[in-house]
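The values are calculated or read from the model by the stated rules, or taken from the named source; none is laboratory data. Quick caveat, the model's predicted, so the values are computed rather than measured. As a convention, Cβ positions derive from the backbone with ideal geometry for all residues, glycine included, and neighbour counts pool all protein chains shown.
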Amino acid sequence: MTDEESLETPFDPVVSKEESFGAETPVTGKTKMQAAWSADSDDSNSTAQVASMSQGQIFQQIYQPWEGTLNPRWMRNWAILRHHVLGIFRKGHRPWNIPTKLFIFFVIIASMTDVALALLFGMIGEASLYDIWGVNRDNMYGHVMGFFPRNILYYPIVAALLVGGMISEDRAHGTSAMYFSRPINRFDYASMKFLSVALILFFIIDGTLALYYFADILVMGKGWAWIIDTFPMFIATFLCGIILSFTYTAIGLSLSSISRGRFFPAIGLVAILMGTRAMASIIDALFDKSVLYVISPYDAVAHVCQALIGTEMTYDHPWVWSLISVIVINGLAIYLLANRVSSLEVTRE
Amino acid sequence: MVRDLVIESTALTKAYGPHVALDSLDIKIEQGSTGLLGPNGAGKSTFLKTILGLIQLTSGEGKVLGYDIRTQGDQIRQRIGYMPEYDALNPGMEAIHQVRYSGELIGMNPNIALQRAHQALEYVGLGEQRYRQVSTFSTGMKQATKLACALIHDPQLIIADEPSNGLDAQARNFMLTTLDTTVKQGQRSVLMASHLMDDVERVCDNIVLLHKGKLAAQGKIEDLKAIDREVEIHVWGSASKMEETLSDRGMKVRREGRVMRIGHTGEETYNQILEAAADVGTQVRRMHDHEASLEDLFLVIMERLGHDVKSSDDLLRDIV
């Protein structure tokens with residue numbers, strides 16, 4: 001190409017090519033599509049026009065204004081709640097990882113073993129086994145506060161998986177800036193995150209409890225007298241489920257707020273719950289003193305719940321001490337959470 | 001032409017204990033594009049947090065889009081789009097949902113937010129990539145996604161904190177073009193904090209220069225360039241004598257061979273140069289104004305401020 005030509009055309013023009021395909025033309029990988037698109041019913045040769053140089057601008061940047069109305073504060077908070085809770089079931093919201101989703105599913109199923117067994121033995125008319133699994137004061141307490149397997153394998157692990165990255169990942173990924181550079185204040189941010197975790201725990205614990213209680217009424221045809229007799233126990237147990245969800249969430253989120261990863265808050269929550277209980281049980285076994293159980297969040301809640309539901313007390317110290325312990329533990333956790341959330345940065349983390 | 005002010009502050013002061021981060025700032029930012037400049041520790045981040053209504057002032061007052069920064073932070077943040085300097089995206093989310101969620105956090109209806117997210121991502125050049133996870137994005141694509149998050153509700157003011165940070169030449173060019181288009185085509189205002197003078201000069205008409213928490217300079221870039229205005233001449237013969245004569249006449253001269261730059265002190269500068277040339281007998285073969293870049297201007301201002309900043313008025317008074 002001469003200099004003059006190169007001035008006129010800054011790049012080499014693509015020559016329009018014409019290729020023909022006959023019945024005998026071997027269909028290679030390269031020409032397969034061309035042959036297919038030009039296939040005719042008769043045996044005549046087909047031609048394929050190979051596209052030449054593309055011209056024109058494909059991407060055109062046009063600013064499009066928007067004059068819609070923005071919703072008030074409660075709608076913004078609802079968006080945060082939906083983002084976290086719906087992420088368990090649907091794409092497009094908070095991306096919970098697969099093990100967390102699977103474990104939640106497993107715990108929901110496992111939490112309903114008492115429902116299934118009560119219905120099974122009730123329906124086949126096995127009275128002695130139904131008495132073991134059917135709705136009563138101790139079984140309702142056990143559904144929420146039973147230590148093994150529910151409060152060692154199920155609920156604390158679910159809580160740990162949920163709180164793991166709840167705030168710490170906002171700190172690590174800088175996504176806290178996305179909240180605070182918008183009209184979201186720190187109270188709304190922390191409370192909606194709290195509510196998201198607590199709601200998921202609440203649905204697992206109290207949702208399955210309600211299913212257990214009402215399925216028994218409906219399937220076994222319980223009468224009004226039985227309902228009036230047991231409903232206060234159900235409400236007390238329901239309240240215990242709320243206290244348990246609240247306590248696990250408060251401790252877990254406070255740990256999440258002081259971290260930048262998933263592992264520490266998760267393992268920290270399990271360590272606090274199990275470690276304090278282990279220490280208290282060792283002291284109890286050695287010195288026959290149950291008072292150290294007040295440092296164990298699980299035991300403090302369990303003791304309060306025993307008093308609320310009216311089951312047999314398994315601790316020697318007054319339940320009011322445990323109530324104070326529950327209040328103090330939650331107060332400290334929420335103080336830490338509030339303190340750390342207030343330090344989340346917008347411009348730099 | 002006097003345009004509406006998008007940001008104005010009077011004696012705005014923010015102190016963290018004994019450390020004064022912002023010292024009595026009187027800033028007026030008009031509609032259009034403005035660059036926020038300053039070395040590290042100048043107070044840019046504190047200023048941004050202040051105008052977002054996120055931190056309490058120690059004293060003074062300020063307004064953003066007519067809203068009080070002390071009491072109406074929510075209204076301000078609803079009307080601006082903030083693009084943070086650092087990563088602010090959830091790597092596990094798809095870009096479209098990330099942008100949609102940021103719209104919902106402003107208060108947009110979820111369906112409308114999704115529709116706008118498509119438009120915003122198309123606008124920033126990620127139309128074909130919108131269903132990809134953010135974790136698979138390059139730095140440029142992440143920056144573009146952050147800009148889409150800031151633009152989703154069509155804010156009146158966009159605050160872009162180091163928008164071209166970490167971008168290659170092509171991505172940087174696209175980012176700056178997008179910001180420029182937003183100002184010129186979208187009629188929106190942009191406040192752009194950046195260390196890169198070229199970027200600011202390309203997008204912005206005005207600058208605000210902070211130094212050690214104080215306002216060092218503000219105004220139109222063209223006007224501020226007058227601080228460092230020089231006349232460049234190319235001479236033939238007796239260059240050293242010419243330099244000496246100009247210096248004797250009280251003019252500030254810098255010489256490199258046959259090329260000299262003389263400080264511009266007014267319209268009479270040109271005549272004084274020609275008179276000096278006539279006296280010495282030197283040929284002036286070329287004479288033109290030398291336009292300083294924004295970087296030159298920044299360095300000159302910093303040099304003159306030294307370690308003791310007074311105010312932009314003092315700065316300009318020293319020069320003219």
Quiz item: Can you spot a residue in the stretch B:26-34 that is within 14 Å of another protein chain (Cβ to nearest Cβ), charged (D, E, K, R) and within 28 Å of B:E222 (Cα to Cα)?
Solution: no
Quiz prompt | Failed condition for B:R188, given (1) away from chain A (no Cβ under 11 Å); (2) in contact (Cβ under 8 Å) with a residue 12 or more places away in the chain | solution = (1)
Quiz item: Say we look at the stretch B:253-281 and pick out the residues that are in a loop (DSSP other than H, G, I, E, B) and in contact (Cβ under 8 Å) with a residue 12 or more places away in the chain; which of these is farthest from B:A226 (Cα to Cα)?
Solution: B:G281
Self-check item: Those residues of the stretch A:177-211 which are touching a helix residue (DSSP H, G or I) at 6+ places or on another chain (Cβ under 7 Å), of a type in the set (A, V, I, L, M) and more than 7 Å from chain B (Cβ to nearest Cβ), in sequence order
Solution: A:A190, A:M192, A:L195, A:V197, A:A198, A:L199, A:I200, A:L201, A:I204, A:I205, A:L209, A:L211
Quiz item: Of all residues in the stretch B:113-132 being farther than 24 Å from A:R76 by Cα and facing chain A (nearest Cβ under 9 Å), which is surrounded by the most Cβ atoms within 10 Å (Cβ to Cβ)?
Solution: B:V124
Quiz prompt | Subset of the stretch B:220-234 [assigned to a helix (DSSP H, G or I) and either surrounded by fewer than 17 Cβ atoms within 10 Å (Cβ to Cβ) or not acidic (D, E) (or both)] | solution = B:I221, B:E222, B:D223, B:L224, B:K225, B:A226, B:I227
Quiz item: Since A:G174 meets every condition but one in (1) under 23 Å from the mean Cα position of the chain (by Cα); (2) more than 14 Å from chain B (Cβ to nearest Cβ); (3) on the phi > 0 side of the Ramachandran plot, which condition does it not meet?
Solution: (2)
Exercise. May I ask you to say which residue of A:L244, A:L255 is closer than 29 Å to A:V115 by Cα, aliphatic (A, V, I, L, M) and in contact with a helix residue (DSSP H, G or I) (Cβ under 6 Å, 6 or more places away or on another chain)?
Key: A:L244
Exercise. Restrict the check to the stretch B:104-112 and report whether at least one residue is of a type in the set (D, E, K, R) and either under 23 Å from the mean Cα position of the chain (by Cα) or buried (at least 18 other Cβ atoms within 10 Å of the Cβ) (or both).
Key: yes
Quiz prompt | Flag if A:Y293 is of a type outside the set (A, V, I, L, M), surrounded by fewer than 18 Cβ atoms within 10 Å (Cβ to Cβ) and in a helix (DSSP H, G or I) | solution = no
Quiz item: Of all residues in the stretch A:266-280, which are buried (at least 21 other Cβ atoms within 10 Å of the Cβ) and over 18 Å from A:V158 (Cβ atoms)?
Solution: A:A280
Quiz item: Looking at this structure, is B:L176 part of a helix (DSSP H, G or I), under 20 Å from the mean Cα position of the chain (by Cα), within 14 Å of chain A (Cβ to nearest Cβ) and under 23 Å from B:D296 (Cα atoms)?
Solution: yes
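Residues that are surrounded by fewer than 22 Cβ atoms within 10 Å (Cβ to Cβ) and more than 19 Å from the chain's Cα centre (by Cα): find the strands (runs of 3 or more DSSP E) completely inside the stretch B:1-59 holding 2 or more of those.
Once the strands (runs of 3 or more DSSP E) in the stretch B:1-59 are filtered for at least 2 residues that are surrounded by fewer than 22 Cβ atoms within 10 Å (Cβ to Cβ) and more than 19 Å from the chain's Cα centre (by Cα), what remains is B:5-16, B:19-30.
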Exercise. Scan the stretch A:127-156 for residues that are outside any loop (DSSP other than H, G, I, E, B) and either over 28 Å from the mean Cα position of the chain (by Cα) or of a type in the set (F, W, Y) (or both) and report the count.
Key: 12
Practice problem: Please state which one of B:T58, B:T136 is out of contact with any Leu (no Cβ under 6 Å at 6 or more places or on another chain), touching a residue at least 12 places away in the same chain (Cβ under 8 Å) and more than 8 Å from chain A (Cβ to nearest Cβ). | Solution: B:T58
Quiz item: Do we find a residue being within 14 Å of chain B (Cβ to nearest Cβ) and either at pLDDT 95 or above or under 24 Å from A:G165 (Cα atoms) (or both) anywhere in the stretch A:107-126?
Solution: no
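Listed here are the residues, each with its yes/no results for (1) within 14 Å of another protein chain (Cβ to nearest Cβ); (2) closer than 22 Å to B:I27 by Cβ.
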site	(1), (2)
B:K184	yes, no
B:A193	yes, yes
B:L196	no, yes
B:V200	no, yes
B:A216	no, yes
B:V231	no, no
Quiz item: Out of the stretch A:119-153, which residues are of a type in the set (S, T, Y) and crowded, with 22+ Cβ neighbours inside 10 Å?
Solution: A:Y141
Quiz item: Counting just the residues of the stretch A:95-126 that are part of a helix (DSSP H, G or I) and among the charged types (D, E, K, R), which one comes out nearest to A:K222 (Cα to Cα)?
Solution: A:D114
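Can you tell me how many residues in the stretch B:116-153 are at negative phi and in a loop (DSSP other than H, G, I, E, B)?
Summing the residues that are at negative phi and in a loop (DSSP other than H, G, I, E, B) in the stretch B:116-153 gives 9.
Give the number of residues within the stretch A:318-349 that are away from every other protein chain (no Cβ under 14 Å) and either modelled with pLDDT under 95 or closer than 30 Å to B:Q56 by Cβ (or both).
Residues in the stretch A:318-349 being away from every other protein chain (no Cβ under 14 Å) and either modelled with pLDDT under 95 or closer than 30 Å to B:Q56 by Cβ (or both): 11 in total.
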Practice problem: Mind counting the residues in the stretch B:69-103 that are part of a helix (DSSP H, G or I), of a type in the set (D, E, K, R) and more than 26 Å from the chain's Cα centre (by Cα)? | Solution: 1
Quiz item: So how many residues does the stretch B:181-198 have that are touching a Gly at 6+ places or on another chain (Cβ under 9 Å) and within 16 Å of B:L147 (Cα to Cα)?
Solution: 8
Quiz item: When only residues in the stretch A:204-222 that are small (G, A, S) and part of a helix (DSSP H, G or I) count, which is nearest to A:A159 (Cα to Cα)?
Solution: A:G207
Quiz prompt | Residues (facing another protein chain (nearest Cβ under 8 Å) and within 15 Å of A:I80 (Cβ to Cβ)) located in the stretch B:78-108 | solution = B:N90, B:M93, B:H97, B:R100, B:Y101, B:S102, B:E104, B:L105, B:I106, B:G107, B:M108
Quiz item: Using beta carbons and a limit of 8 Å, which pairs, at least six apart or on different chains, have the first residue in the stretch A:69-94 and at the interface with another protein chain (Cβ under 8 Å from one of its Cβ atoms) and in contact (Cβ under 8 Å) with a residue 40 or more places away in the chain and the second one among the β-branched types (V, I, T) and surrounded by 13 or more Cβ atoms within 10 Å (Cβ to Cβ)?
Solution: A:R76/A:I184; A:R76/B:I106; A:I80/A:I184
Exercise. Test A:S168 against the criterion of being under 22 Å from the mean Cα position of the chain (by Cα), in contact (Cβ under 8 Å) with a residue 40 or more places away in the chain and surrounded by 18 or more Cβ atoms within 10 Å (Cβ to Cβ), and give yes or no.
Key: yes
